[in-house]
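The values are calculated or read from the model by the stated rules, or taken from the named source; none is laboratory data. On a predicted model such as this, the values are computed, not experimentally measured, just so you know. Positions of Cβ are backbone-derived with ideal geometry, glycine not excepted, and every protein chain shown enters the neighbour counts.
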């Protein structure tokens, strides 16, 4: 038997906490209240450059229904115990399943894992928080439903509800995930259940097809926030196209990012290329190929440009590798393919087709993601530097070449100053780009961990000074990131918190929101 | 160290370094007694990682020698394949899982352990280069030495010995060596996890 938990919620004594857990056990059963260290440890493992104990939960509870959550919220509200809800808890590199503040009780919703409805005609689904992308994929396959969804890179184990609520992105034409959600069910701090959009109306059958309902649209305030616990979410599915033609275009030089973006933007805005295009740097491709860093760089510091060039030559990787696809009929794709060939030729890119890419791990996992097939190919990134440290820095950029080059150079300079490699990609929305950088470091090395923390801070504040904000951030930096968006927005967020959660019990501190 | 002396002595090296976090937590976990539990142990390792398979084979031999009645099963896993991992982590009759993996695989296994309601008793990471082995371990919330180094000669045997002790609940010790100049970049990095039902 493992040791009992010594971590407590802030301001709560051991006796009161034990009593509260006993009450909760009475609601969900003692087997669904976890206090043993060994069982809690997987909730505590983080990859951020701060000590695990800063994000250690006091307990984990695993309710199995909305009704149980409602009753639990009444207990927590009465006793002022903070709770940190997770769906599948796969926000890896953003804090994983660990709470934003030490001592919060993790509410793990993994037992609520039903696919409640899939409508093959309207191409919609309604899912619970514990549903994983793999589960949904298997359901569609088993039932021979020709429907696709968009999923993020760690998709086989992550879930659509959590990813949409955190405003994650994927790689199909439905890649801006929150945009393709439709209708939420939310348990509020006082235990009331709110359904957004058309879901608020009794007997409505349009909850998953019409987002807006009547009056203010509320869905957005339940994303990247702590105003409620999302227990159901509608999502739109994409009809599987008759013809899917993924491709990669490789470019030889880092500065080619300018012409890549200028060339692709019109095609993306006009939806000739309908999916969320990825422009991946060499060092994103290399670990997933896989290439060993130690074969090209020994000793401290960032890998040199010469070594990166050598990797490109040795493994046929571009300085930038553009991943996109055509989705349509054979006829429409044949027509659009001519445009792609012309664009690649004019911009100095080399096209790699699905047939030519066969056997390439890095390319295949991308092609799979572009058709919503979950996989874990991108976890190869964690073998690059080793040591289990990873934190995402993800500023937003305009989809303009000069902007992307500027951001890339800024990031590379700052990372290099601290001895870290630029492992980055741009994911193209319609008019924006998510510039996603994986700050990989050795978390077992205290000095490197300190450097990673400082590096992230410098990245954040240098980018903010130029007007570049991040779209998503880890729990360790939530407060700092929120502060870059200015005081008025924060004040409004706080007033909303006070109105919806006056006792500040749902994930205080998440996204910098607290009373 | 040959196989015979390794089996006899390898797991009980006298003048060694104790891992500080382990002692207290292991005592709590097993009532201060070293044990080899009867329940079946699952060893998880990817076939593509020859170091891991070699170490798992040696561990299986050590377990059989130490307690012939205890069951031990080996699973070939692919860190990118959720189905094979889930199958191994839900294997009937197993109550402890020791996984020897590359870093990315360890991230996936830790995540799946949570999904499956398993406990995480110990997690270790080992960076090996010509200069030595660097160990970073973690048990029940206690950080072990973050820069514990030993000579990297026979590193597979040394780590196997460490893993055996971890698996059997003994406060582990490993022969101290004289590490040479480090290269700053590991040639091999292994992660090891001990999961419990």
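So the check is Cβ under 7 Å with 6+ separation or different chains; which pairs have a first residue in segment A:12-26 that's without any contact (Cβ under 8 Å) to a residue 12 or more places away in the chain and a second one that's surrounded by 15 or more Cβ atoms within 10 Å (Cβ to Cβ)?
Within 7 Å, the pairs are A:14/A:8; A:25/A:33.
When you look at residue A:317, is it over 24 Å from the mean Cα position of the chain (by Cα), within 21 Å of residue A:421 (Cα to Cα) and surrounded by 23 or more Cβ atoms within 10 Å (Cβ to Cβ), yes or no?
Criteria met by residue A:317.
Taking segment A:440-450 on its own, how many of its residues are touching a residue at least 60 places away in the same chain (Cβ under 8 Å), in contact with a strand residue (DSSP E or B) (Cβ under 9 Å, 6 or more places away or on another chain) and under 26 Å from residue A:469 (Cβ atoms)?
Adding up the residues that qualify gives 2.
Collect the residues in segment A:49-89 that are under 22 Å from residue A:441 (Cα atoms), surrounded by 22 or more Cβ atoms within 10 Å (Cβ to Cβ) and more than 10 Å from chain B (Cβ to nearest Cβ), keeping them in residue-number order.
Passing the criteria: A:49, A:55.
Report yes if some residue within segment A:39-48 is crowded, with 19+ Cβ neighbours inside 10 Å and more than 12 Å from chain B (Cβ to nearest Cβ); otherwise report no.
Yes; the residues of segment A:39-48 include at least one that is crowded, with 19+ Cβ neighbours inside 10 Å and more than 12 Å from chain B (Cβ to nearest Cβ).
Could you please give the count of residues in segment A:288-314 that are surrounded by fewer than 24 Cβ atoms within 10 Å (Cβ to Cβ) and within 30 Å of residue A:148 (Cβ to Cβ)?
Residues that pass the stated criteria total 2.
Give the residues of segment A:381-404 that are over 24 Å from residue A:484 (Cα atoms) and in contact with a strand residue (DSSP E or B) (Cβ under 9 Å, 6 or more places away or on another chain), sorted by residue number.
Across segment A:381-404, the qualifying residues are A:381, A:382, A:383, A:384, A:385, A:386, A:387, A:388, A:389.
Answer yes or no as to whether residue A:431 is surrounded by fewer than 20 Cβ atoms within 10 Å (Cβ to Cβ), within 16 Å of residue A:48 (Cβ to Cβ) and either within 14 Å of another protein chain (Cβ to nearest Cβ) or touching a residue at least 24 places away in the same chain (Cβ under 8 Å) (or both).
no
Out of everything in segment B:54-86 that is within 14 Å of chain A (Cβ to nearest Cβ) and surrounded by fewer than 20 Cβ atoms within 10 Å (Cβ to Cβ), what residue ends up being nearest to the chain's Cα centre (by Cα)?
Selected residue: B:78.
Test residue A:355 against the criterion of being at pLDDT below 95, surrounded by fewer than 19 Cβ atoms within 10 Å (Cβ to Cβ) and within 11 Å of another protein chain (Cβ to nearest Cβ), and give yes or no.
No, not satisfied.
Looking at residue B:117 and the list (1) buried (at least 22 other Cβ atoms within 10 Å of the Cβ); (2) without any contact (Cβ under 8 Å) to a residue 60 or more places away in the chain, which single condition is not satisfied?
(1)
Being in a loop (DSSP other than H, G, I, E, B) and within 12 Å of residue B:80 (Cβ to Cβ) is the filter here, so list the residues in segment A:372-406 that pass it.
A:374, A:375, A:376
Residues are listed down the side, and each one gets a yes or a no for (1) under 16 Å from residue A:280 (Cα atoms); (2) within 14 Å of chain B (Cβ to nearest Cβ); (3) surrounded by 24 or more Cβ atoms within 10 Å (Cβ to Cβ); (4) modelled with pLDDT under 95:
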{"site": "A:379", "(1), (2), (3), (4)": "yes, yes, yes, yes"}
{"site": "A:388", "(1), (2), (3), (4)": "no, yes, yes, yes"}
{"site": "A:394", "(1), (2), (3), (4)": "yes, no, no, no"}
{"site": "A:417", "(1), (2), (3), (4)": "no, no, no, no"}
{"site": "A:462", "(1), (2), (3), (4)": "no, no, no, no"}
{"site": "A:473", "(1), (2), (3), (4)": "no, no, yes, no"}
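If I filter segment B:148-164 for residues that are within 14 Å of chain A (Cβ to nearest Cβ), crowded, with 20+ Cβ neighbours inside 10 Å and touching a helix residue (DSSP H, G or I) at 6+ places or on another chain (Cβ under 6 Å), do I get at least one hit?
Scanning segment B:148-164 turns up no residue that is within 14 Å of chain A (Cβ to nearest Cβ), crowded, with 20+ Cβ neighbours inside 10 Å and touching a helix residue (DSSP H, G or I) at 6+ places or on another chain (Cβ under 6 Å).
Determine, yes or no, whether residue A:130 is within 12 Å of chain B (Cβ to nearest Cβ), surrounded by fewer than 24 Cβ atoms within 10 Å (Cβ to Cβ) and farther than 24 Å from residue A:433 by Cβ.
In short, yes.
Does residue A:126 satisfy the condition of being in a helix (DSSP H, G or I), within 23 Å of the chain's Cα centre (by Cα) and either more than 26 Å from residue A:89 (Cβ to Cβ) or outside the structural domain of residue A:277 (by TED's automatic domain parsing) (or both)?
no
Would you mind finding the one in A:456, A:422 that is outside the structural domain of residue A:86 (by TED's automatic domain parsing), crowded, with 23+ Cβ neighbours inside 10 Å and part of a helix (DSSP H, G or I)?
Answer to the check: A:456.
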